[in-house]
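What follows is a single structure, written as C-alpha cells, with notes after it.
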Amino acid sequence: MRKHIVNHRDQELLLSVLENEEWSDGSYCRLFEKQIAHYIGTKYAIIMPNCTYSFKLVLRCLGIKDGDEVIVPAITWPSMVVAIMECNAIPVIVDVDACFQMILDNLSKKISNKTKVILATHLYGFYENIEEIKKIIGNEKIYIVEDCAHVVGYKLNGRMLGSLGDVAVTSFNSKKIFTCGEGGCIFTNNDEIYHSLCEMRAVEERESKYGFLPSNYLVSEFQAAILISQLEKYNELLKIEYERAMYISQVLNKSNRISVYENSDKVEMQTFYNYVFAVDNEAREVVDGVNSKCGNVLSLIYPPLIQSAVFSRIEEKYKNLLKNWDKKEISSANNLYQHCCRFHHSLLLMRNDDLDRILETIIDIMGE
Ligand SMILES: Cc1ncc(COP(=O)(O)O)c(C=O)c1O
C-alpha cells in the first residue's frame with residue numbers, strides 16, 4: 001500500500017537542499033508559502049512545524065487569555081484542545097450532526113460574551129458551514145479559525161476550504177494526504193494577523209512592532225522542498241483518490257445496511273483524508289470483522305473529545321476550567337462514533353484487486 005507518491009522531483013529538490021548552504025527557513029520555505037497561498041486562495045501562508053503549534057500561535061496572536069472561551073466541535077483532534085488549554089482558555093464543546101458539522105442551533109446557544117474563537121474543523125471528507133457560522137456570529141468580534149488538516153485542496157462554491165474564515169491552520173504530518181513527514185501551515189488574508197505571526201515565529205534582532213514575545217517555529221528547507229514537489233502532483237493525486245472513493249461508494253451501496261455519503265452540488269473537489277461510511281450495527285464489530293480477514297484496513301473515527309484518552313488527563317489537570325463541558329449534550333457525536341468506519345486515504349491508492357477483496361469482505365459481513 002502506498003502512503004506517499006514519490007518521484008524523481010522529490011529527490012531532485014531534496015538533493016538541491018543538501019548542496020545548498022541554507023538548510024532552514026530559506027528560499028524553499030518562502031517559495032512554498034507563495035505557492036500554497038496561491039493554491040488555497042489567501043493573501044498569506046506561513047509554513048509551521050505542525051498544525052497544533054500553528055493553532056496555539058494563532059490563539060496567542062488573537063490575544064486569547066485566561067478565561068476566554070474557544071468553541072470546538074465535539075469530534076476533533078485532541079491536541080487542538082490542548083493548545084486551547086495551554087492558553088488557559090476554556091474549550092466549549094458543540095455537538096456535531098451526521099455530516100460532522102457543528103449543529104448550528106447548539107452553536108448559537110454556546111456563544112457567550114467570553115467567546116473569542118470558533119474552531120471550525122473540516123473533518124474527513126466533510127466541511128463546516130462557514131457561511132452559516134458567520135451569520136450566527138453577526139457583528140460580534142469572534143474569530144473563525146478553520147482546521148484544514150484533512151481538507152487541503154477541498155473546493156466548495158468556487159473557493160478552497162482554508163480561505164473562508166479569518167485564519168486557517170493545517171497539518172502536513174505523515175498521515176495526511178499532503179505531507180512532508182511533519183509540518184503545518186497558517187493561512188490568512190489579514191495583514192495585521194500575518195505580520196504579528198511573522199514576529200512571533202522567530203527571535204530576530206529587530207524591535208517588536210506588535211509586542212508579541214517571539215519563539216521558534218521555524219521549518220527546515222528539506223520539508224519545504226518535499227512540499228513544493230508534492231504540491232506539483234497534488235491535484236492529480238486528489239483526482240485519483242476521488243475516483244476511487246466514488247467506486248467504493250458504488251460497491252458499498254449494494255448493502256442497504258451501509259450508508260455512504262453523497263456529495264452536494266456545491267462541492268467541486270472533495271478530499272478523502274479518510275473515506276467514511278456508516279453501518280446500522282456497531283462499527284467496532286465491522287472494523288474487527290474486516291480487519292481479521294484483510295489486515296488493518298478499517299478503523300473507527302476519532303472518538304468524541306470527551307471519550308479520548310487525552311481528555312481524561314486534561315480533565316484531571318484543568319478541573320476548574322471545564323465547567324462548560326456537558327457530557328450529555330453530545331449524543332449525535334456519540335452516535336456517529338458508534339456507527340462510522342473509515343478507510344485511510346492510502347487505501348484509495350491500493351491495487352484494484354486488493355481493494356475489491358476488502359470491499360467484498362465488507363459486503364459479506366453486512367449482507368446485500
Ligand atoms: C483534524 C486535525 N487537526 C489537527 C491535527 C494536528 O496536526 P499536527 O500533528 O500537525 O499537529 C490533526 C492530526 O492528525 C488532525 O487530524
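The values are calculated or read from the model by the stated rules, or taken from the named source; none is laboratory data. Since the structure is predicted, the reported quantities are computational estimates derived from the model, not experimental observations. Here the Cβ is made from the backbone with ideal geometry for all residues, glycine too, and neighbour counts use every protein chain on show.
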Among residues belonging to segment 140-161 that are in a loop (DSSP other than H, G, I, E, B) and under 10 Å from the mean Cα position of the chain (by Cα), point out the one that is nearest to the ligand (Cβ to nearest atom).
Ala149
Name the residue that is farthest from the ligand (Cβ to nearest atom), counting only residues in segment 37-57 that are under 16 Å from the mean Cα position of the chain (by Cα) and in a helix (DSSP H, G or I).
Ile40
Restricting attention to segment 186-199, does a residue exist that is within 27 Å of Arg342 (Cβ to Cβ) and either within 15 Å of the ligand (Cβ to nearest atom) or modelled with pLDDT of 95 or more (or both)?
yes
Any idea which of Gly211, Gly183 is small (Gly, Ala, Ser), in the same structural domain as Gly41 (by TED's automatic domain parsing) and at pLDDT 95 or above?
Gly183
Please identify the pairs in which a residue from segment 131-158 that is aromatic (Phe, Trp, Tyr) has its Cβ atom under 6 Å from the Cβ atom of a residue that is surrounded by fewer than 23 Cβ atoms within 10 Å (Cβ to Cβ), counting only partners at least 6 apart or on another chain.
Tyr143/Leu62; Tyr143/Asp166
Within segment 116-134, is there a residue that is over 30 Å from Ser229 (Cα atoms), of a type in the set (Asp, Glu) and more than 16 Å from the ligand (Cβ to nearest atom)?
yes
When (1) exposed (fewer than 13 other Cβ atoms within 10 Å of the Cβ); (2) touching a helix residue (DSSP H, G or I) at 6+ places or on another chain (Cβ under 6 Å) are applied to Ala309, the one that fails is (2)
So which residues in segment 94-111 are within 15 Å of the ligand (Cβ to nearest atom) and either assigned to a helix (DSSP H, G or I) or crowded, with 22+ Cβ neighbours inside 10 Å (or both), if there are any at all?
Val96, Phe100, Met102
Residue identified as loosely packed, with under 15 Cβ neighbours inside 10 Å, in contact with a helix residue (DSSP H, G or I) (Cβ under 9 Å, 6 or more places away or on another chain) and under 30 Å from Lys155 (Cβ atoms) among Asp265, Asp354
Asp354
Where in segment 259-368 are there helices (runs of 4 or more DSSP H), lying fully within it, with 3 or more residues that are acidic (Asp, Glu)?
352-366
